[in-house]
1. I'd like the full set of residues that are surrounded by 14 or more Cβ atoms within 10 Å (Cβ to Cβ) and not β-branched (V, I, T), limited to the range 65-82.
2. For the range 26-46, indicate whether the set of residues that are surrounded by fewer than 24 Cβ atoms within 10 Å (Cβ to Cβ), aliphatic (A, V, I, L, M) and closer than 21 Å to D237 by Cα is non-empty.
3. Could you please tell me which pairs satisfy a Cβ distance under 6 Å, a separation of 6+ or placement on different chains, a first residue in the range 150-173 that is modelled with pLDDT under 95, and a second residue that is in a helix (DSSP H, G or I)?
4. Can you tell me how many residues within the range 154-191 are of a type in the set (D, E) and assigned to a helix (DSSP H, G or I)?
5. Quick check on the range 220-234: of everything there that is more than 17 Å from I184 (Cβ to Cβ) and open to solvent by 50 Å² or more (accessible area, probe 1.4 Å), which residue is modelled with the lowest pLDDT?
6. Kindly indicate whether L153 is touching a Ser or Thr at 6+ places or on another chain (Cβ under 9 Å) and of a type in the set (A, V, I, L, M).
7. State yes or no: is Y241 surrounded by fewer than 21 Cβ atoms within 10 Å (Cβ to Cβ), assigned to a loop (DSSP other than H, G, I, E, B), at pLDDT 95 or above and aromatic (F, W, Y)?
8. Restricting to the range 98-135, count the residues that are more than 18 Å from L153 (Cβ to Cβ) and in a loop (DSSP other than H, G, I, E, B).
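The values are calculated or read from the model by the stated rules, or taken from the named source; none is laboratory data. Everything quoted here is computed from the prediction, not taken from an experiment. All Cβ positions, glycine included, derive from the backbone under ideal geometry; neighbour counts span all protein chains shown. For accessibility, only protein heavy atoms count, side chains too; no ligands or nucleic acids. Shrake-Rupley method; radii C 1.70, N 1.55, O 1.52, S 1.80 Å.
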Amino acid sequence: MADQSPTRTALVTGGARGIGGAVCRRLAAQGRSVAIADLLVSQGEALAAELRADYGIRAVAYQCDVTDSDRVREVVAAVEAELGPVDILVNAAGFDRFVRFVDTDEEFWNMIIDINFKGTLRTTHAVLPGMMERGWGRIVNLSSDAARVGSSLESVYAGAKAGVIAFTKTIARESVKKGVTANIVCPGPTDTDLIREMGEQGDLPAKIVGSLSKAVPIGRMAQPDEIAYGVTVFTADDANYITGQTLSVSAGLTMA
């Protein structure tokens, strides 16, 4: 079952479903202890039970809103008390809606930035000092290919996710001598609950979602587990010399 040693504790935000859920399954298959942090606590608890049953690892779910700094710190403290110090942080929590920039307002900007950018800042701020003190850590932040090349109807989201890339590269520079690596995975179009929900917001969003498979050279959207594979490349115990890197997992949709 476990192919890596020693046992590490991983915290995955947005871990109840989609890409985050797939990451949790891959980490559990590697023998990691897994903490699932998500607003969808019932789905998180069901996944934690699945991981315990299927992989024999320790797994716990916590209700967590990444826009709430106090709650983020509470969850990190709870994880450390129950599973041990957070060695691996994967920021998969995210949210978006397809909408033209001219039709957005500041309330929408604040929501998208708070979840997709500042949420990553909050969790990283809560775990990075401990990682640096212990001399080991893996941080993987989910950005998006929208951040690299732009994406119609996703202007604010693309901007927030571009911020995640620059932030992570800076953290990588600041922490590598302390044994902590920080990398970015940029998914291409992925078949998740969120993308389906986004496609239900009107005719134009539905058209955008319907065209995504045709845009990808392989002819289909990614499955969450295919993105999760890219994430766990960076979380490996022996990935000491890989930091500050941005990996697109998009079947050739972007090549840069």
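1. Quick first cut of the range 65-82, residues surrounded by 14 or more Cβ atoms within 10 Å (Cβ to Cβ) only: 65-69, 71-76, 78-80.
Correct list: D65, D68, S69, R71, R73, E74, A78, E80.
2. Yes: one or more hits.
3. G150/A158; S151/A158; E154/A146
4. Within the range 154-191, the first condition is being of a type in the set (D, E), and the residues that meet it are 154, 174, 191.
From the residues that got through so far, the ones that are assigned to a helix (DSSP H, G or I) too are 174.
Number of matching residues: 1.
5. R220
6. On the way: touching a Ser or Thr at 6+ places or on another chain (Cβ under 9 Å): no; of a type in the set (A, V, I, L, M): yes.
In short, no.
7. Values: surrounded by fewer than 21 Cβ atoms within 10 Å (Cβ to Cβ): yes; assigned to a loop (DSSP other than H, G, I, E, B): yes; at pLDDT 95 or above: yes; aromatic (F, W, Y): yes.
Considered against the rule, which asks whether it is surrounded by fewer than 21 Cβ atoms within 10 Å (Cβ to Cβ), assigned to a loop (DSSP other than H, G, I, E, B), at pLDDT 95 or above and aromatic (F, W, Y), Y241 comes out as yes.
8. Total satisfying the criteria: 1.
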